[in-house]
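Engineer: Got a structure for you, written out below as structure tokens; questions coming shortly.
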Amino acid sequence: MASPSDHKANIIDGKAIAQTIRNEIAAEVHQLAQKHGKVPGLAVVIVGNRKDSQSYVNMKRKACAEVGIKSFDIDLPEQVSEAELIAKVDELNANPDVHGILVQLPLPKHINEENVLTEISIEKDVDGFHPLNIGRLAMKGRDPLFLPCTPKGCLELLSRSGITVKGKKAVVVGRSNIVGLPVSLLLLKADATVTIVHSHSQDPEKVIREADIIIAAAGQAMMVKGSWIKPGAAVIDVGTNAIDDPSKKSGYRLVGDVHYQEACKVAGWITPVPGGVGPMTVAMLLKNTLDGAKRVIEH
């Protein structure tokens, strides 16, 4: 019998799973092009020059090229007015070759995010952030046209790893509009018993320790310790936090919201950072774009 210290969690390889999904998408895009002479189109809108946003956007544009999705690149200056940005969104709404519109968040302070996201046609809302899509996600028996990419990626990682969600206790750490809230709604739709832990929760450790499934999306480096994890639990780590590391050329390294080394000794499954949830987010964006295009082209 192996001693507990020898325990090693199953590593969920998000990069490999995402690549499988991208291959599936590329095949479907090819079929669409052959049968209907049309390809899916994704408009990626970025405002300003935040380094992290630019690298995310480049990743998304590159991924489009890889699967044969046409990418429409909209790069706007930091000073662009809200009205100009909304006019750009309207133009993309009206363009029949664009099946998905993504506005990279966060937007500069002078622009009201909700006004912009609400302007995106619900049929093209591949990020799944339109209030109507989120509202449908929240309601029983309703289905949004698109599910938000990161939450969708988290559930896809669970299902492709053979992890049952139905009837399980799931704890979501964090309640952001982008991940925490929608992922908790998705888990609820998948029949889990869901608890959300956030900055005002008392004794988060106690709550997390009861979870069969942990989705960590709080943006706090290595917040969830190994001792907080129930043996055998599935841990999906959405966090990407840069911490100082003088041994690295860049001077920093990326860590998740979970203490990976400790968690590996207790958890049944765990996603690494990087190489876990990140690649899945991009794969789900491509999938949403394909689905949006199929609704229009095959109609």
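The values are calculated or read from the model by the stated rules, or taken from the named source; none is laboratory data. None of the values given here were measured: they were computed from a predicted structure. Ideal geometry is used to build each Cβ from the backbone, glycine not excepted, and the neighbour counts take in all protein chains shown. What goes into the accessible areas is simple: the full protein's heavy atoms, side chains included, and nothing from ligands, DNA or RNA. Shrake-Rupley method; radii C 1.70, N 1.55, O 1.52, S 1.80 Å.
Engineer: Restricting to the range 48-98, name every residue that is open to solvent by less than 20 Å² (accessible area, probe 1.4 Å) and either closer than 26 Å to Ser176 by Cα or free of Cβ contacts under 8 Å to residues at least 60 places away in the same chain (or both).
Structural biologist: Once the filter is applied, which keeps residues that are open to solvent by less than 20 Å² (accessible area, probe 1.4 Å) and either closer than 26 Å to Ser176 by Cα or free of Cβ contacts under 8 Å to residues at least 60 places away in the same chain (or both), the range 48-98 yields Gly48, Ser53, Val57, Ala63, Val80, Leu85, Val89, Leu92, Val98.
Engineer: If a residue has to be touching an Asp or Glu at 6+ places or on another chain (Cβ under 7 Å) and either buried (at least 24 other Cβ atoms within 10 Å of the Cβ) or under 21 Å from Pro40 (Cα atoms) (or both) to count, how many in the range 120-147 make the cut?
Structural biologist: Qualifying residue count, the range 120-147: 3.
Engineer: Additional query: Output the number of residues of the range 244-267 satisfying the condition of being closer than 13 Å to Met223 by Cα, outside any loop (DSSP other than H, G, I, E, B) and not charged (D, E, K, R).
Structural biologist: Here the count works out to 5.
Engineer: Name the single residue that is nearest to the chain's Cα centre (by Cα) among those in the range 229-252 being buried (at least 24 other Cβ atoms within 10 Å of the Cβ) and without any contact (Cβ under 8 Å) to a residue 40 or more places away in the chain.
Structural biologist: Gly239
Engineer: Restricting attention to the range 253-296, which residues are over 17 Å from the mean Cα position of the chain (by Cα), open to solvent by 20 Å² or more (accessible area, probe 1.4 Å) and at pLDDT 95 or above?
Structural biologist: His259, Tyr260, Gln261, Glu262, Lys265, Val266, Trp269, Lys294, Arg295, Val296
Engineer: For the range 1-18, what are the residues that are open to solvent by 70 Å² or more (accessible area, probe 1.4 Å), part of a helix (DSSP H, G or I) and at pLDDT 95 or above?
Structural biologist: Result: Lys15, single match.
Engineer: Taking Ile208 as the residue in question, decide whether it is open to solvent by less than 20 Å² (accessible area, probe 1.4 Å), touching a helix residue (DSSP H, G or I) at 6+ places or on another chain (Cβ under 9 Å) and free of Cβ contacts under 8 Å to residues at least 40 places away in the same chain.
Structural biologist: It is true that Ile208 is open to solvent by less than 20 Å² (accessible area, probe 1.4 Å), touching a helix residue (DSSP H, G or I) at 6+ places or on another chain (Cβ under 9 Å) and free of Cβ contacts under 8 Å to residues at least 40 places away in the same chain.
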